[in-house]
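Report on the structure given below.
Rule-based calculations on the coordinates, nothing more; no lab input. None of these values were measured; they are calculated from a predicted model. No Cβ is skipped: glycine too gets one built from the backbone with ideal geometry, and neighbour counts run over all protein chains shown.
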Ligand SMILES: [Zn+2]
């Protein structure tokens with residue numbers, strides 16, 4: 001028996017990256033649309049008037065007349081064990097890690113703590129309209145078991161991995177090159193391709209991994225086609241200087257990872273703020289992804305992401321957008337896009353609303369190589385959806401009275417003033433996973 005659901009409202013979905021403001025060919029917008037869902041995947045999308053005849057008898061239509069329905073947001077870099085590190089005062093990257101993060105992450109050795117943390121984490125993602133996240137666990141494999149189990153229970157698809165870290169961290173938070181390899185391999189066997197879950201080999205960053213461990217991370221990637229790799233790259237000056245000292249033979253920070261085979265089209269590098277021309281060239285050649293984490297970059301004072309330099313047409317580097325909670329200060333991809341706009345403004349660049357909404361959905365899916373699965377309202381994709389309320393707060397409602405049917409202006413209001421309050425509902429596999437009180 002097939003399981004059919006239907007969701008009606010204003011629909012927006014991107015086909016490709018917009019060329020700039022006004023690029024109407026980059027998206028499909030349906031004023032009164034219907035998404036028909038069968039067994040968790042989108043079966044049909046179109047005008048309600050045209051599709052209503054295809055509704056099987058007895059299927060109730062969930063109608064959101066005031067909502068704007070998009071594919072669920074995708075967060076490409078977030079730390080699962082940092083939900084109680086977010087909003088920790090006054091430190092720079094390396095002492096922020098020592099003072100707060102490395103203390104908190106030790107608690108995730110306890111499976112009960114990890115399970116409770118995973119439930120909170122998923123609740124919070126869904127409250128913010130995020131249906132897929134790429135997450136760092138703690139060093140403990142049980143933290144990743146807890147996270148995948150919770151995602152699986154709710155029908156969400158995550159990409160996650162246990163942090164590999166065999167030096168420059170408290171003893172309770174370090175593995176070894178051998179145990180990090182073995183634990184990661186066992187997690188891949190247990191979770192990669194299990195339901196909707198996917199694994200990411202996760203060396204935290206060059207400072208906390210020995211050469212032997214980076215070598216082991218490269219071996220894991222070679223041995224398991226299709227797994228992702230996530231790490232941090234070129235976030236701030238002090239970090240970069242430390243990496244140079246630890247790896248004197250490497251040409252630059254990117255080369256540290258390159259030497260161990262960690263660059264490639266399934267590799268995600270958080271931050272990428274202070275890259276040289278040579279480094280951007282290598283990221284481009286290998287199809288690696290630079291992940292822009294604006295609220296984190298502002299909060300930790302790391303610097304301004306240079307989107308235009310990365311995108312240069314003769315050697316484009318693929319990019320994605322992410323919250324980086326707990327260095328980042330918001331779980332909301334709307335808020336993240338609003339802050340991305342401001343960071344780019346400081347760099348004399350810009351982020352048009354169409355580009356921002358494309359990035360949060362189709363663009364991030366493409367960066368993960370998952371555009372056939374998520375990120376668009378198209379038949380065959382998982383029916384992970386977010387319903388946005390552009391009149392969620394008095395300030396938004398007041399501002400929206402001056403937006404006369406202009407979609408791009410409405411989107412810009414959402415990314416500038418919106419946050420979790422603007423998320424009216426979230427669907428996973430066509431089933432309601434969050435509904436705001438009163439919606
Ligand atoms: Zn991070």
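Which of the peptides 39-50, 386-397, 135-146 is most tightly packed, and how do the rest follow, judged by the mean count of other Cβ atoms within 10 Å per residue?
Packing proxy ranking, top to bottom: 135-146, 386-397, 39-50.
Be a star and scan the range 341-379 for residues whose amide nitrogen sits under 18 Å from the point 7 Å along the Cα-to-Cβ vector of residue 402.
Residues 353 qualify, since their backbone N sits under 18 Å from the label point.
Can you give the relative contact order of the chain as a percent, counting alpha carbon pairs under 8 Å and 6+ residues apart?
20
Using the basic label-point model (7 angstrom from Cα toward the beta carbon), what is the residue 182 to residue 251 distance in nanometres?
3.7
For the residue pair residue 308 and residue 123, what label-to-label distance in nm results when each label sits 7 Å from Cα along the Cα-to-beta-carbon direction?
So the label points at residue 308 and residue 123 sit 4.4 nm apart.
Output the direction-averaged projected area (hull surface divided by four) of the convex hull of the alpha-carbon atoms of the range 114-165, in nm².
So the Cα hull casts an average projection of 3.1 nm².
For every helix of n ≥ 4 consecutive DSSP H residues, a contribution of -39,500 (n - 2.57) applies; sum these over the chain, divide by its total residues, and give [θ] at 222 nm rounded to the nearest 500 deg cm²/dmol.
For the chain, the value works out to -9500 deg cm²/dmol.
How would 96, 439, 382 line up from fewest to most surrounding beta-carbon atoms within 10 angstrom?
Ranking 96, 439, 382 by Cβ neighbours within 10 Å, fewest first, gives 439, 96, 382.
Can you sort 269, 205, 29 so the residue with the fewest Cβ neighbours within 10 Å comes first?
Lowest count first: 29, 205, 269.
How long are the three semi-axes of the equivalent ellipsoid of the chain, in whole Å, if each is the root of 5 times an eigenvalue of the C-alpha gyration tensor, listed from largest down?
Taking √(5λ) for each Cα gyration eigenvalue gives 35, 24, 20 Å.
Counting only DSSP beta bridges with both residues in the chain, tell me the antiparallel percent, nearest 5.
Counting only bridges with both partners in the chain, antiparallel ones make up about 50 percent.
Could you please rank 185, 99, placing first whichever residue has the fewest other Cβ atoms within 10 Å of its Cβ?
Arranged by neighbour count, lowest to highest, 185, 99 become 99, 185.
Considering every Cα-Cα pair within the range 49-115, what fraction, in whole percent, is farther apart than 18 Å?
Across the range 49-115, Cα pairs with separations above 18 Å total 64 percent.
Where does the range 317-414 land on Rg/Rh, using Cα atoms and the Kirkwood Rh?
Using only Cα positions, Rg/Rh for the range 317-414 is 0.98.
Run the numbers on the range 261-320 and let me know its relative contact order in percent, using alpha-carbon pairs under 8 Å that are six or more apart.
Dividing the mean separation by the residue count of the range 261-320 yields 39 percent.
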